[in-house]
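A short write-up of the structure that comes next.
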Amino acid sequence: MWKKHPLTRFIFGFSLALILGLGLGVAYIIGEDYWSDGSNPPVVVEGKIANKSPRSYPRNNNGSFDLIESNTGSLISHFELRSEMIRQIQNGQNVLISMSPHIHHIYSLNVENLGELVQDEWVAGVLFQEYQAPAFWTVACIIILIVFILIYALVKLADWLLPPYRKRGIVVARIEQADFNAAGYGLLLRSLPAPKARKNLRFELNEKDFLSTDGVDFVEVCYTPLFQFVREVKILRRDDFELEQLLVLEQEQRKAINLRYMPGWQQKLALLSDGIIATALFSGGALCLFNSIPSWLDSNFSNYGATAERFLLPGTAIFLFCMGLLFSVNFLRKLKDLKAPKKITIGPVLSKWRVNGGTNDTRRQIVVADGGLESGSDGVRKFEISNFLFDELQVGDVVEIEHTPRLRFIVRLEVKGHQELLREV
């Protein structure tokens, strides 16, 4: 629970922003020459091409060459060049190179018997040159991230410093969340004044406060105004309420209050996730296949390139296409279920279950008797519902559920009333 404390979040956020800011400052000092080259005009050097290499590294599409003195043969500098340009030059050619003064980035080459080859154009008066764009936008994104982190940290600090809110009410449910949650315990509180719709206040508690509410009917919760971090839980008795308030609370607790539920975009996204995954797999396969085409058309590629790009990429594409087909079949089945005529199930909630599938997310399910208790085992229906709805529903609540016929995906759920599920002995 300490991980969700506003001061913990403030310290963590401020420290992260400070580290990122210092990192940017150090990077700017180290790379000062790199950024100054964007504003300084290019310089021109003359020499002869030597030690041309089609690739600087096995996995790099750029090539490299050395520039040497035409008369003495001494090395002037080592350069990298794009693969489409490196193929056009040859060892021994005289060349004039227009480059940045510090990091020696090539703007253009004027090659003997070939003419001018332009890699990048230098533009005066701009914030950054074309070759600096990736680094510039990376730095810009980091600065924006730092600003958002600072705002988040300051809001967390303000949340702790602002006067807290207090709510008194009746305990509806105590929840052991235990889903690898930083706050493993929760509490549903029906507060005063009583809400018009069945919507209880939800609070996350530490273990000490959770255990202190065991068997308690009334509590007062002190919490922060912005993120509802619980600062204190005070146990109350019936004597702490005025008679009028107590009657309102108990009446609202017994009365059938409508709870209307429509699935949010998260549930719909989870249902249609197979289609999203299939699209990503097909896109990845098409990209691999597209990148392998140049290697089949170029006979000058090395053995490494032939192995990696001519065979591994098409093999990866075939694998991605096969996986995409599997997810597409599941997606089409779900889509067909969504478009089919909806069914209506009306009856009391018989039981609630937490189903642990061995992952960080524990699924919630309810069992409903369609047509009431008289329908027998043939009317029993099982539905998977969202976490907050699972805690709001009580065993015995009479619900009306509109759902798909096969997957039983809930399109609409309403609580119509409540009945006690008593068993005669």
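The values are calculated or read from the model by the stated rules, or taken from the named source; none is laboratory data. All values derive from a computational prediction rather than experimental measurement. Ideal geometry is used to build each Cβ from the backbone, glycine not excepted, and the neighbour counts take in all protein chains shown. Heavy atoms of the whole protein, side chains included, go into the accessibility calculation; ligands, DNA and RNA do not. Shrake-Rupley method; radii C 1.70, N 1.55, O 1.52, S 1.80 Å.
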Open item on the list: Tell me the residue from Arg87, Arg168 that is more than 33 Å from the chain's Cα centre (by Cα), touching a residue at least 12 places away in the same chain (Cβ under 8 Å) and open to solvent by 80 Å² or more (accessible area, probe 1.4 Å), please.
Closed with: Arg87
Task: Tally, over the stretch 316-330, of residues that are at pLDDT below 90 and either under 10 Å from Leu272 (Cα atoms) or aromatic (Phe, Trp, Tyr) (or both) - done: 1
Task: So Lys334, is it surrounded by 13 or more Cβ atoms within 10 Å (Cβ to Cβ), assigned to a strand (DSSP E or B) and not β-branched (Val, Ile, Thr) - done: no
TODO: Would you check which residues across the stretch 398-421 are part of a loop (DSSP other than H, G, I, E, B) and of a type outside the set (Ser, Thr, Tyr) and list them?
DONE: Pro405, Arg406, Leu407, Arg408, Phe409, Gln419, Glu420, Leu421
TODO: Please find, within the stretch 196-215, the residue that is nearest to Asp159 (Cα to Cα) out of those that are in a loop (DSSP other than H, G, I, E, B) and open to solvent by 30 Å² or more (accessible area, probe 1.4 Å).
DONE: Asn206
Task: the stretch 53-106 - residue that is of a type in the set (Asp, Glu) and at pLDDT 85 or above and, of those, nearest to Ser39 (Cα to Cα) - done: Glu80
TODO: Just need a number here: residues in the stretch 227-268 that are at pLDDT 65 or above, assigned to a helix (DSSP H, G or I) and of a type outside the set (Asp, Glu).
DONE: 8
Open item on the list: It is to be established whether one or more residues within the stretch 377-397 are assigned to a strand (DSSP E or B), crowded, with 16+ Cβ neighbours inside 10 Å, in contact with a Pro (Cβ under 9 Å, 6 or more places away or on another chain) and at pLDDT 80 or above.
Closed with: yes
Task: Tally, over the stretch 143-163, of residues that are open to solvent by less than 50 Å² (accessible area, probe 1.4 Å) and among the aliphatic types (A, V, I, L, M) - done: 5
TODO: Say whether the condition of being open to solvent by less than 60 Å² (accessible area, probe 1.4 Å) and of a type in the set (Lys, Arg) is met by at least one residue in the stretch 4-11.
DONE: yes
Open item on the list: Can you list residue pairs whose Cβ atoms sit under 7 Å apart, with the first residue in the stretch 27-43 being closer than 15 Å to Tyr107 by Cα and the second being part of a helix (DSSP H, G or I)? Count only pairs 6 or more apart in sequence or on different chains.
Closed with: Gly38/Gln132
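Here's the yes/no breakdown for (1) at pLDDT 85 or above; (2) assigned to a helix (DSSP H, G or I):
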{"position": "Glu220", "(1), (2)": "yes, no"}
{"position": "Ala270", "(1), (2)": "no, yes"}
{"position": "Ile276", "(1), (2)": "yes, yes"}
{"position": "Glu309", "(1), (2)": "no, yes"}
Open item on the list: Condition check: among the hydroxyl-bearing types (Ser, Thr, Tyr), crowded, with 17+ Cβ neighbours inside 10 Å and either within 30 Å of Ala140 (Cα to Cα) or modelled with pLDDT of 90 or more (or both). Does Ser36 satisfy that?
Closed with: no
Open item on the list: Need pairs with beta-carbon distance below 6 Å; first residue of a type in the set (Asp, Glu) and within the stretch 368-381, second not in a loop (DSSP other than H, G, I, E, B); sequence gap 6+ or separate chains.
Closed with: Asp370/Thr345; Asp370/Gly347; Asp370/Gly379; Asp370/Arg381
TODO: Restrict the check to the stretch 356-363 and report whether at least one residue is modelled with pLDDT of 80 or more and either surrounded by 13 or more Cβ atoms within 10 Å (Cβ to Cβ) or touching a Phe, Trp or Tyr at 6+ places or on another chain (Cβ under 6 Å) (or both).
DONE: no
Task: Filter result (open to solvent by 40 Å² or more (accessible area, probe 1.4 Å), among the aliphatic types (A, V, I, L, M) and within 12 Å of Leu350 (Cα to Cα)) within the stretch 398-425 - done: Leu421, Leu422
